[in-house]
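A short write-up of the structure that comes next.
Derivation of every value follows stated rules applied to the coordinates shown; laboratory data play no part. Quick caveat: nothing in here was measured; it's all calculated off a predicted structure. No Cβ is skipped: glycine too gets one built from the backbone with ideal geometry, and neighbour counts run over all protein chains shown.
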Ligand code: S3P
């Protein structure tokens, strides 16, 4: 797909539903008693993988793709059926890791596998704590990656000190903790996104959060809920940056989730001097939303590190683009997790932005970007990573000449109508 220089992006946009919340709605809905109705569900390939996996375990799920409404007829905590086939997670790390926590406690054995990218992503981070709980979970190829074989067992509560701030690891343990014979807690180096904890609370689970520790009590049952999924701030991020760096622009993104464990990009924009305002702030079961308006801004470099990193981990590729359009240097540190996402996002960003003429260098745990150098068009290998493709679409719209994105269709993972929405502005 080809991109050329643009100016004057104007208008309002509503981005699709939050990916993390959409996944969790399927999982908790499947385990609840009664019918859970989800509005604003993300029809991205990752979330459809979660639906397909739970359907394979006997859960009736109706997905109205015209209205983005999903009805999940929950089977209750202990009534999932043994799947007849491999549980195919596609490209979805969230499905793989969260579902593994559930599978570890079932009365059957399952095999979890996905695409080439999933088969390279680290699973030891969930295998270790789940094994400590008594789970029987093995990497079939012995490389600590999928395919995984999970034989359900009786689980024990643990108090786990996680070496990484990862909501997928935390959530896998908390989901397994629903089935444990005692209390389970997870402590992280920094707070990661808390959607599982918030949704547990609404489904009636006894969960407590204190600083970087989340503690869950075993559950007897979950009560079906009505869920309103807010717009995904990780999808809004592309329009936020487009509005800030494209000349003569003003964009409003409606109904975006601004959960404080996810809103790091707003902090970064403010630190860089962006013209960004939040209106119409509302709250639904602990998940706040706002309309975000951005205008073309003169930006300066910043340092992004420490506790801020988990709050914007998925936005770092587009933030690297933003930094190219700021005066001065932006330093991203403590972000080694970028290397184990859908692609190695440090290498892929540095390689592609260098091809466009940016002054960027990779470090052990992040990147250093010296902003202010004009970008020129280039051929971009997305590595089939949705966040790379979307980031370079915005870069290409602000570069001289033509930018060609290879594998552009991978946006389908989290934002199927991304290019159409961009076109409208
Ligand atoms: C997610 C957690 C993050 C994030 C991913 C979604 C989640 O991953 O990058 O896109 O829904 O819990 P990690 O937990 O591996 O940091």
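Below is a table of values for the structure above.
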| quantity | calculated |
| --- | --- |
| Taking 331, 265 and counting other C-beta atoms within 10 Å, the order from fewest to most | 331, 265 |
| Fraction of antiparallel bridges per DSSP, segment 19-228 only, in percent to nearest 5 | 75 percent |
| Three-way shape label, segment 80-126, alpha-carbon gyration tensor, a/c 1.5 | oblate |
| Cβ crowding within 10 Å averaged over residues, with 165-176, 32-43 ranked highest first | 165-176, 32-43 |
| Pairwise label distance in nanometres, residue 108 with residue 261, each label 7 Å out on the Cα-Cβ vector | 3.0 nm |
| Anisotropy class of segment 278-334 from Cα gyration tensor, a/c 1.5 cut | oblate |
| Segment residue 226-residue 86, length gained on full extension (0.36 nm per residue, minus Cα span) | 47.4 nm |
| Listed residues 238, 415, 160, most fluctuating in the chain (Gaussian network, C-alpha, under 10 Å) | 160 |
| Highest to lowest packing among 386-398, 194-206, scored as the average C-beta count within 10 Å | 386-398, 194-206 |
| Part-to-part distance (alpha-carbon centres) for segment 393-425 and segment 224-297, which is given in Å | 19 Å |
| Point-to-point label distance, residue 303-residue 331, nm (Cα→Cβ direction, 7 Å offset) | 0.5 nm |
| Computed over segment 19-228: relative contact order in percent, which uses C-alpha pairs under 8 Å that are six or more apart | 21 percent |
| Cα shape, the chain, gyration tensor, a/c 1.5 rule | prolate |
| Computed FRET value (nearest 0.05) for residue 270 with residue 8, which takes r as the C-beta separation and R₀ as 25 Å | 0.55 |
| Distance (nanometres) between label positions extended 7 Å along Cα→Cβ at residue 52 and residue 156 | 3.8 nm |
